[in-house]
1. Which values of log₁₀ I(q)/I(0), to two decimal places, follow from the Debye formula for the stretch 558-617 at q = 0.13, 0.19 Å⁻¹ with a uniform point scatterer at every Cα?
2. Among 517, 494, which comes first, then next, by fewest other beta-carbon atoms within 10 Å?
3. Using only the alpha-carbon atoms, how far is helix 51-60 inclined from the longest principal axis of the chain? Give it as 0 to 90 degrees, nearest 10.
4. Given the -39500 (n - 2.57) contribution per DSSP H run of 4+ residues, what per-residue ellipticity at 222 nm results for the chain, rounded to the nearest 500 deg cm²/dmol?
5. Using 0.36 nm per residue, how much length does the chain from residue 164 to residue 257 gain when fully extended, once their Cα-Cα distance is taken away?
6. So how do 42, 509 line up by other beta-carbon neighbours within 10 Å, fewest first?
7. Positive end of the dipole of the chain, charges at C-beta (+1 Lys, Arg; -1 Asp, Glu), about the Cα centre: which of 235, 326, 246 has its Cα farthest in that direction?
8. Among [x] 28.1, 86; [y] 37.6, 121; [z] 27.9, 94, find the value of Rg and Dmax of the Cα atoms in Å that was calculated from the structure presented, and write down its label.
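Read the figures in this text as sums done on the coordinates, not as results from a lab. Since the model is a prediction, treat every value here as computed from it, not as a measurement. Counting neighbours? That spans all protein chains shown, and the Cβs are built from the backbone with ideal geometry, glycine included.
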Amino acid sequence: MNCCLIINSADASSELLARLLPDSHTLCVLRWPEDQSFLADFDHWVVYLDDPELRALLTANRQTEAVVHLLTHLQSRHGCRGFCLPSKSGPLPDDFQQRTVVNVDLLFCNDQLVLNKAVIGKAFNYQPGGHSKNLWQRLQSTWHQLRHLRDYRPQPFKLTTANETQIETAAVGITTTAHVLNSGLSKNLLTENYANDGLFYSLIVAPKSIQEMLNHVVLASLSRATKQPGFIGVLRSKQLLVESPVEFECRLDEQTLTERRAVFEVHEKSLRLAVDATSPLLNTGARHKETRKIKQLPSAQESVTALSGDPLPWITHAATEDFRELYQQLRENAKVSSTFLIFMVLSTLLASFGLYANSAPVIIGAMILAPLMAPIVSLAMAFTRQDENLMVASAKTLFIGFAMAVGFAMLLSFWLPLQIETSEISARLRPTLLDLGIAIISGIASAYAYARAQAAKSLAGVAIAVALVPPLAVVGIGLGWLSFRVAGGALLLFVTNLAGIVFSASATFLLLGFAPFSRARKGIVTALISVALVSIPLAVSFHQLAKEASIVWGIEHLPTSDLEIRSVKVLGTRVPARIYLEVVSSGLLDNVKIRRLKSAIEEELEMAVELEVNWITLY
C-alpha cells in the first residue's frame with residue numbers, strides 16, 4: 001500500500017513525527033503545501049492539518065481517488081466535528097489500513113468547503129457545537145446571549161431550494177451543516193438524521209420577540225434536551241440559495257465573510273474517507289427527498305417588513321389572523337343584545353335569592369350565568385388598543401348591565417319581606433386588597449382565555465373566581481333596605497373587581513402583542529390610576545382586617561384553665577376595642593371571672609377592651 005503522511009511545514013518536528021508514527025509505520029512525509037505536487041503518487045493520505053490547511057487540501061483535491069485517513073489535530077476543531085473524529089489526538093493505529101472506506105459528501109458555500117457549519121447572522125445555540133455538555137458553559141453562553149439580545153436584528157431573506165421552492169422570511173440567523181451527527185442538535189431538534197445522502201440541513205432562526213427567545217434560551221441553559229422551539233424552521237435540501245437586499249455576515253467555520261448572496265450545495269461522494277467501524281458517518285441510510293418544516297416562520301409580507309431591520313421587539317406581536325378573529329368577537333361582546341339582557345336579569349335574580357337564602361351553590365350558579373365578563377374584557381382591549389368606538393360600546397353595555405342588576409335586586413328586596421344580613425351578604429361588604437389581587441389574577445386569566453382558543457374552557461372558572469353580579473345584587477338589596485353601609489360596601493367590591501380586571505386584562509393583551517406599548521400606554525396608565533385610587537380604601541380595610549385577625553389570634557391562644565373561649569368576634573378596633581366572646585364554663589356566671597378574663601385579654605393585647613360576653617354554663 002502506497003501511503004504518505006501530510007503535515008504542515010511548521011509542524012514537521014521529530015517529536016511530532018515520533019508521536020504520530022510508531023516504529024511499526026514507515027510513511028513518506030509530505031509537507032503541505034510545498035509538496036502537494038507529489039500527492040498523486042500515493043493511494044492513501046494520512047492527514048494531520050489544522051482547519052484552514054485541511055480545507056485547502058480537500059478543496060484542491062476534491063473528487064480524488066486517494067483514501068484519506070484523518071488524524072485529530074488540536075487546531076482542527078471544525079474538521080474534527082465535521083468528520084466525527086475523536087477529540088483527543090493519538091498515534092496512527094497499526095490497523096489503519098483495515099479501516100472502512102466511506103464515500104463522504106462535502107458541503108460548499110460559494111465554492112468554499114464547509115468543514116462543520118456555516119452560520120449567517122446569529123444562530124444562538126442552534127448550531128453544531130452550540131450546546132455545551134457542561135452546565136457552567138451553557139449558563140455562560142446564555143448570559144452572553146441575554147446581554148446582546150437587543151443587538152439581534154431580523155433581516156429579510158429569500159431562500160430558494162433545489163426544487164425551486166422560494167421562501168421569503170425575516171430571520172436573525174441561518175445555520176447550514178452537512179449533518180448533525182455527534183451534535184446536540186441531533187438529540188434536541190433533528191432526531192432523524194443521516195450522513196452522505198446528498199442532502200444538508202439548514203436551520204432558520206426566526207424569533208418574533210425577545211420574550212419568545214428568553215423562554216427557550218433560559219431553558220436551553222438548564223437542560224441539554226429541550227423541546228424544539230416554535231421559531232425554528234428546518235430545510236433539508238441538496239442546494240440552497242440565500243439572498244438578501246442588505247449585506248449579511250456569513251461565518252464558514254472560522255472564516256468570516258460579508259455577502260449578499262450565498263449558494264450552498266452538496267458535492268456527493270467527493271471524499272473517500274477511512275473511518276472506524278463505530279463512526280457515525282457510516283449511518284448513511286436511504287437517499288431522502290427534500291423536506292421543509294417552515295410553517296412557524298414569519299412569511300406574510302407585512303410581518304417580514306415589520307420585523308426586518310429593527311431590533312427584536314420585547315413582546316411577540318399577535319398574528320393578523322388571530323387578531324382579526326378575536327377583535328371581531330370582542331366587538332360583538334361589547335354590544336347590548338337580547339341574550340345579554342335576559343342573562344343579566346336571570347343571573348341577578350338567582351344571585352339575590354342565593355344571598356337571601358345564604359346559599360353558596362346558588363350564588364356560584366349566578367356567577368357562571370352572569371354575562372358581564374365579556375364586555376369587561378372588551379373594555380380592556382379598548383384600553384389597550386385605544387379604540388374609542390369599542391370603549392364607548394363596552395362602557396354602555398356595562399352601565400346597562402349595572403343598572404339592570406341594581407334595579408332588579410331592589411325590586412326583589414321590596415317584594416320579599418326579609419331584611420336579614422346573611423353571612424353571604426356580609427362577606428361582600430368589606431373588600432380588601434385580597435379582593436383586588438383576585439380581580440387582577442382573574443383579569444389575566446380571562447384575557448388569556450379569550451386570546452387563546454384552547455384556554456377558553458377556563459372562562460367558567462374565571463367567572464366563579466371573580467364575582468361580578470353578586471356584589472351588584474347586594475348593592476340593590478342595600479338600596480332597597482335604605483342601608484347605605486350595605487350598598488356602599490358592595491359597590492366598592494364591584495368597582496374593585498372592575499378596575500382590577502380591566503387593568504390586568506389590558507396589560508395581558510399588551511404582553512400578548514395586540515398593541516405596541518406606545519399605543520397602549522395611555523389606556524394602561526388610566527387603568528393603573530383607577531386601581532391605585534380604589535386601593536386606598538382597600539388598604540385601610542385590609543389593615544383593619546389584619547388588626548382584627550391579630551386580636552382574634554391573641555384571644556384564642558390566651559391560656560385559661562377554668563373556662564373555654566369558643567367564639568371571638570371583633571366589633572370595633574378603636575380603643576377601647578369592642579369584642580364579642582362566647583365563653584363556656586363549668587361554673588355559674590361570676591363577675592370576678594369576667595373581670596379576670598378582661599384583665600388577661602387587655603394584658604395580652606396591650607390595649608383597653610370592652611367585652612360583650614355570652615356565658616354558657618355546663619351542668
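1. Normalising to I(0) and taking log10 leaves -0.30, -0.65.
2. So the residues, fewest neighbours to most, are 517, 494.
3. Tilt of helix 51-60: around 50 degrees.
4. -14000 deg cm²/dmol
5. On the way: separation 93, 0.36 × 93 = 33.48 nm, distance 2.57 nm.
Difference between extended and current length: 30.9 nm.
6. Numbers: 42 19, 509 28.
Ascending number of Cβ neighbours within 10 Å: 42, 509.
7. 326
8. Among [x] 28.1, 86; [y] 37.6, 121; [z] 27.9, 94, the one calculated here is [y].
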